[in-house]
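For reference, the structure is listed below as structure tokens.
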Amino acid sequence: MLRIEDLHARIGDSEILRGVSVELQAGEVHAVMGPNGSGKSTLAHVLAGREAYDVTGRVLYEGQDLLALSPEDRAAAGVFLAFQYPVEIPGVGNLYFLRMALNSLRRQRGLDELDAMDFLALAEERMALVEMDRSFMSRSVNEGFSGGEKKRNEIFQMAILEPKLAILDETDSGLDIDALRVVANGVNALRSPDRAMLVITHYQRLLDYIVPDRVHVMAGGRIVRSGDKDLAFELEEHGYTGLEQVGTTP
Amino acid sequence: MTTATAFLGGLSRLEPRPNGHHPAWLTEARRAGFGWVAEHGFPTLKDEDWRYTRLGPILEVPFQPAATGMGYRLSSSTIDALAADLGGTRLVFVNGHFAPELSSLTELPEGATVTSLASVLAEGAERLEPLFSRPFAAHHHAFTALNAALTEDGAFIRIPADTTVDQPIHLVFVSDSPTSPLLSSPRSVVLAGPRSRVAIVETHVGVPGDVYLTNAVTEVALADGAAVEHYKVQDEPDTAFHLGLLDVHQGRASRFSSHSVALGSSIARHEVRVGLEAEGAEVSLDGLYMARGDQHHDNPILIEHAAPRCTSRQLYKGVVDGRGHGVFNGRVVVHPGALGTDAAQTNKNLLLSDRAEVDTRPRLEILADDVRCTHGAAVGRLDEDAVFYLRSRGVPHQMARGLLISAFVNELVDRLRLEPLRSRVEKLVAHRLATGGEEAAKT
């Protein structure tokens, strides 16, 4: 479904991704782990289409050149990024925004738009997945939400938009154990044979809840090791020290 | 002050002609207005209240005063399309003159008067004299003087004590200036009796492509306990010029609110002056300006706290695109003895292009003790993180920008209490956002 080949990204003189290659099949969940500053979040943003970077390399998504698409076209093609820091947008209602987003996607996919009633029914059903309160519907997007509420809202949006490729950027950061469980349950409920997920995290603990098929370790802008889920436990024991050196050695 | 060749060269043309219907005091007032302009000329950028507005483009045009009885191309349905039908009483003024055949008068509470100023002046109306000369006398400038010299008509609204007018009164000022550039000088008077309530909507529109100048003065006097809402939608074509003054005088415990929406004109100036003249009066001024292309929108505001325990609020927001220029020049003066004054002014601006420009100048002059005054101003750009967030969810770029701009604007639009007007403004703003963005399209 997704093939990343020798992906480089820089901002000005600083090269953040230095040749990342990963391949992801439909139905798989891959974890990307690594210390702060290793380029994990940059990878997530580059895949979603953030324009701040100079990008070279190749990303094939379902056979098309992902890097040539605008962020909204990537979304229409089924790519979704759950943000590490979801943006607060005062004055834009959460549900209003989400219906606009869903209908934009549906339009681009040649489907009929959902009217307000049908959308509301869908939203209520999917909110249950992340144990979100109804009151979130009428509030402005992420405005005044706690850290945990923002992360739930990301997974709620994912449940509504039903992407094929979901990229979860540090979805566990800032969550207490209860919120982590709720968010992980939501993610697990969305696992499906047609859907691939790239789960980016600093800590192994998220992977206790969302068990990955593969684990990649990033350091210094590269993938320095890949393995099965046991690699995460190894990292938990020994930390990232040592790995970074591998990453920085050409 | 400056002289302007085209304008002044033609000023003799502007000299008020004797009008058999006018009382002597009015003839005198017109002469005084004209004399003032001839003597002092027009303001320049050196004049504090005009420092942001270049008048050159206006003064170069040889405007003709719009005479009564000129023909026009407008019909009732054109007015509906240009200005909307808000229900209730609608007075239409074409080039500053009342057009009864385009107007609709609905039933009003007993004793309430809604008519044309010309008809009131024709009856003599000595009692109007102090009102008529006040806006010119208090803080005169060339354009209030010119309005005094040239005005023939406008709306006259009087609501008796303890009377509520349920439906808004819609004043439509439409210009139709097909051959030579016209100068319209409407003067409207609103007298709200003790504890009366009324909502007035002013819509200023014209025929696209026409060059004209609207120089409008509206005077509102609120007696004790009166409550008046004033709405102004300025949607003149961008070939036209608009200079407006809203002059408000408030009695004890009266409440006045104003909502100004500036979309049109090449150069527009929406001046508001409020005198809080007796204890416990409250005023709230909202303003939205959306300059783009080469448009210039200036908002000079003066609120005078002249009595104890009065409250004033200002919330002005600008969305400026292209090479547009927005100005907020808000001044609050707290006079000695105005104890317990509560004043707040806020101005926020969104710049949508690199060449857009905003000047913001909230000013407080406090000459009394025991007051609570705050002011704040902000100029910013669209939050690119928010734009990316929306796009990453599938919302197309232009729509994402529009959504964020609407969110910025909606704080003001949501405060338009009159439903048909709020929908109207929502449509105008949405249309503006959909058609705008010569800058947006590029990014």
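Any read-out appearing in this document is the output of simple, stated calculations on the displayed coordinates, not a laboratory observation. These figures come from a predicted structure and were not determined experimentally. Because the Cβ atoms are built from the backbone with ideal geometry, glycine has one as well, and the counts that use them run over all protein chains shown.
Counting only DSSP beta bridges whose two residues both lie in the protein assembly as shown, roughly 20 percent are antiparallel. With contacts taken as Cα pairs under 8 Å at a separation of at least 6 residues, segment A:2-248 carries a relative contact order of 28 percent.
Would you mind telling me the antiparallel percentage of the DSSP bridges in segment B:5-278, rounded to 5? Write down the numbers at each step before the final one.
Working: 7 of 71 bridges.
Expressed as a percentage, antiparallel bridges in segment B:5-278 total about 10.
Between amide H atoms placed 1.01 Å from N, distances below 5 Å from residue B:331 occur with B:301, B:302, B:303, B:363, all of them 5 or more places distant or on a separate chain. The calculated Kirkwood hydrodynamic radius for segment A:166-231 is 12.6 Å, given to one decimal from all distinct C-alpha pairs.
Note down the nm distance, to one decimal, between modelled labels 7 Å out along Cα→Cβ at residue B:105 and at residue B:434. Modelled inter-label distance: 3.9 nm.
Rg over Rh for the protein assembly as shown works out to 1.09, using Cα positions for both radii and the Kirkwood form for Rh. Spacing of the modelled spin labels on residue B:119 and residue B:375, each 7 Å from Cα toward Cβ, amounts to 4.3 nm. Once the chain from residue B:426 to residue B:361 is taken as fully extended at 0.36 nm per residue, the excess over their C-alpha distance is 20.6 nm. With R₀ set to 60 Å, the beta-carbon distance separating residue B:180 from residue A:236 gives a calculated FRET efficiency near 0.10.
Scan chain B and report its longest stretch carrying no trypsin sites (Lys or Arg not before Pro) that are both in a DSSP loop and have at most 10 other Cβ atoms within 10 Å. In short, B:74-443. Could you grab the relative contact order for chain B? Cα pairs under 8 Å, six or more apart, rounded to a whole percent. The normalised contact order for chain B reaches 9 percent. Which whole number in µm²/s is D for chain A by Stokes-Einstein, with the Kirkwood Rh taken over Cα pairs at 4 °C and 1.567 mPa s? Answer, rounded: 70 µm²/s.
Cβ-to-Cβ counts within 10 Å put B:399, A:117 in ascending order as A:117, B:399, the fewest first.
Neighbours of residue A:237 by Cβ distance under 15 Å: Lys/Arg scored +1, Asp/Glu scored -1, total -1. For residue A:7, the residues 5 or more places off, or on other chains, whose built amide H falls under 5 Å of its own are A:19, A:20, A:21, A:58. Residue-wise HN-Hα couplings along segment B:259-264, as the Karplus relation 6.51 cos²θ - 1.76 cosθ + 1.60 with θ = phi - 60° gives them from phi, are 10, 10, 10, 10, 10, x Hz; Gly and Pro carry x. For segment A:137-250, relative contact order (Cα pairs under 8 Å, six or more residues apart, normalised by length) works out to 21 percent.
Largest GNM mean-square fluctuation among B:228, B:379, B:248, using chain B with Cα springs under 10 Å: B:379. Cross-link partners for residue B:46 among the aspartates and glutamates, with Cα-Cα distance under 20 Å and sequence neighbours closer than 8 places in the same chain left out: B:60, B:271, B:298, B:357, B:359.
Sequentially through segment A:28-37, phi angles give Karplus couplings (6.51, -1.76, 1.60; θ = phi - 60°) of 8, 10, 10, 9, 10, 10, x, x, 4, x Hz, Gly and Pro residues having no value and appearing as x. Neighbour counting of Cβ atoms within 10 Å sorts the residues B:211, B:198, A:211, B:274, fewest neighbours leading, into A:211, B:211, B:274, B:198. The Rg/Rh ratio for chain B, using Cα coordinates for both the radius of gyration and the Kirkwood hydrodynamic radius, is 0.95. Across segment B:162-202, Cα-Cα distances exceeding 12 Å account for 70% of all pairs.
Highest mobility in the GNM of chain B, judged by mean-square fluctuation with C-alpha springs under 10 Å and restricted to B:238, B:383, B:224, is found for B:383.
Need one word for segment B:69-208: rounded, prolate or oblate. Basis is the Cα gyration tensor (sqrt eigenvalues a ≥ b ≥ c); a/c below 1.5 gives rounded, then a/b vs b/c decides.
Values: a/c = 1.94, a/b = 1.12, b/c = 1.74.
Taking the square roots of the gyration eigenvalues as a ≥ b ≥ c, segment B:69-208 is oblate.
Local charge for residue A:27 was computed over the other residues whose Cβ lies under 10 Å away, with Lys and Arg +1 and Asp and Glu -1, and equals -1. A Förster radius of 45 Å combined with the Cβ-Cβ distance from residue A:138 to residue B:47 puts the calculated FRET efficiency at roughly 0.40. Modelled this way, with points 7 Å down the Cα-to-C-beta line, the labels at residue A:226 and residue A:194 are 2.6 nm from one another.
Three principal axis extents of segment B:256-359 based on alpha-carbon atoms, in descending order, are 45, 20, 17 Å.
Grab the other residues whose beta carbon is less than 9 angstrom from that of residue A:136, score K and R as +1, D and E as -1, and report the net. Summing Lys and Arg as +1 and Asp and Glu as -1 gives +1. The alpha-carbon of residue A:40 sits under 19 angstrom from the alpha-carbons of these lysines, leaving out residues fewer than 8 places away in its chain: A:151, A:229.
Pull out a ≥ b ≥ c, the square roots of the eigenvalues of the alpha-carbon gyration tensor of segment B:394-439, then state rounded if a/c is under 1.5, prolate if not and a/b is larger than b/c, and oblate in the remaining case. Prolate shape, in that a/c is at least 1.5 and a/b is the bigger ratio. Among beta bridges identified by DSSP and lying wholly in segment A:2-248, the antiparallel ones come to about 55 percent. Relative to the Cα centre, the charge distribution of segment A:2-248, modelled as +1 at Lys and Arg Cβ and -1 at Asp and Glu Cβ, gives a dipole magnitude of about 200 debye.
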